[in-house]
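Since the structure comes first, as structure tokens, the remarks are kept for the end.
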Amino acid sequence: MSTNFKFLKKTDENLFNIIQDAEKLYRDEYFDQCMIQTRRFGENICRNVLGSRRTTEVTFDAMLATLKDCTLGSSDEAKEFVDDLYFLKKHGNETAHSITVKTDGMEALECLKRAFEIAINYCVYSMGESRSLLNLNYDTELLVTAKKSKKSLAEKYQNEKAKSKKSKKSKKQYCTVKSDSKEKKPYFWYFVAVSGIISLIMLIILALI
């Protein structure tokens, strides 16, 4: 089955299996379970990144605090990495303890997108994988259909642009036709009135003759 996280499989198959399950849960509309699974994914990556720097930290919260201290003064990518992990922890915890079931998948989708960015940063900056991974984008269509689109992102953009132009052109023509109809309408009644007057005069002349 196709997944956005295919690149992760060769780096860490266990992490790949966790996040692949999260996408499957989303596809089946189990949004709550999807967010909890992304939290699990984030916690395991956090543990891996800390490595030997982890001492007494057991909980995700404690590991995140240590990781945050380790990245103080680091690059923006490192800060975003930690922020995304906090996002997964927060939403995963809230979902796990909530009494209501979520039916809107937007929050779960955001968790998957954050997990995607986390996975890329993990592969590139922690595991030394190719920086070409930084060019990857999360494919929502692939998530929903489990099928890779045959069209490239550029082709999709061009198609949407063409549709937009066609829609604007159609609306403009409609307004023009409507406007012309209103402008011609008074002249028609003038013609009818003048024709009536001429016909009346002709009848009077014929009657006099």
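Within the range 140-153, the set of residues being touching a Leu at 6+ places or on another chain (Cβ under 9 Å) and either open to solvent by 40 Å² or more (accessible area, probe 1.4 Å) or in contact (Cβ under 8 Å) with a residue 24 or more places away in the chain (or both) comprises T140, L143, K148. Could you grab me the full set of residues in the range 36-54 that are touching a Gly at 6+ places or on another chain (Cβ under 7 Å) and hydroxyl-bearing (S, T, Y)? Result: T38, single match.
Could you tell me whether the range 23-31 includes any residue that is aromatic (F, W, Y), open to solvent by less than 50 Å² (accessible area, probe 1.4 Å) and within 18 Å of S126 (Cβ to Cβ)? No, the range 23-31 has no match at all.
Per-residue answers, yes or no, for (1) in contact with a Phe, Trp or Tyr (Cβ under 7 Å, 6 or more places away or on another chain); (2) closer than 25 Å to S2 by Cβ:
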{"residue": "T95", "(1), (2)": "no, no"}
{"residue": "M106", "(1), (2)": "no, yes"}
{"residue": "L112", "(1), (2)": "yes, yes"}
{"residue": "I118", "(1), (2)": "yes, yes"}
{"residue": "N121", "(1), (2)": "yes, yes"}
{"residue": "V124", "(1), (2)": "no, yes"}
{"residue": "S132", "(1), (2)": "no, yes"}
{"residue": "T140", "(1), (2)": "no, yes"}
{"residue": "V144", "(1), (2)": "no, yes"}
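Just name the residue that is nearest to the chain's Cα centre (by Cα) out of those in the range 97-125 that are in contact (Cβ under 8 Å) with a residue 12 or more places away in the chain and not in a helix (DSSP H, G or I). Checked the range 97-125; the qualifying residue nearest to the chain's Cα centre (by Cα) is G105.
The values are calculated or read from the model by the stated rules, or taken from the named source; none is laboratory data. If you're wondering where the values come from, they're calculated on a predicted model, not measured in any experiment. In this analysis, Cβ positions are derived from the backbone assuming ideal geometry, glycine residues included, and neighbour counts consider all displayed protein chains. Ligands, DNA and RNA are excluded from the accessible area calculation, which covers all protein heavy atoms including side chains. Shrake-Rupley method; radii C 1.70, N 1.55, O 1.52, S 1.80 Å.
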